[in-house]
Amino acid sequence: MNTKIQTPEIEIEELDEVRNVVVDVTQKVVRSGLGAAAMAQEEWLNLFNKAVTRGEEVEAKGRDLVKDVTEKSRTRIEEGQAKVKGMVKIERKPAVAVEELPTKADIDALTKKVTALTKKVDALAK
């Protein structure tokens, strides 16, 4: 039987080599995790910034829409008020002032004059 005996130096070298491979792989895994986290953060920030920009655009459009609707409503109200004012004329004074109303004495005097004139017309007509 041919048995090979390894010296301790060879084993140590092999262990160092295995250790180096494990350390190297571990470092790569950690770096890839850090890289993935950094990439995710960059993408998240990019998405966040796009969302903020889009939100600002929507907000501005909303403001413009509200302003437009408000102005159109105000215009329609003013047009309606103008139509109503044109259809209905409102005066602040009464149609006949109280001082201008005839008294009973005025009516009696006019009645006497009308009666006298009626008699004269009837006499002329005969």
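Please treat every number below as a calculation from the coordinates, not as lab data. Since this is a predicted model, take the numbers as computed values, not measurements. Cβ placement follows ideal geometry from the backbone for every residue including glycine, while neighbour counts extend to all protein chains displayed.
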Please state the equivalent ellipsoid semi-axes for the stretch 9-83: what are the square roots of 5 times the Cα gyration tensor eigenvalues, largest first, in whole Å?
71, 5, 4
Computed label-point distance, nm, for sites residue 37 and residue 69 using a 7 Å Cα→Cβ extension
4.7 nm
Want the number for residue 56 to residue 122: 0.36 nm per residue separation, take away the alpha-carbon distance, what's left?
14.3 nm
State, to one decimal in nm, how far the label point of residue 30 lies from the label point of residue 100, with both points 7 Å from Cα in the Cβ direction.
10.6 nm
Work out, step by step, the length gained on full extension between residue 13 and residue 107: first 0.36 nm times the residue separation, then minus their alpha carbon distance; give nm to one decimal.
19.6 nm
Per the charge dipole of the stretch 8-95 (beta-carbon charges, Lys/Arg positive, Asp/Glu negative, Cα centre), the residue among 87, 49, 29 reaching farthest to the positive end is 87
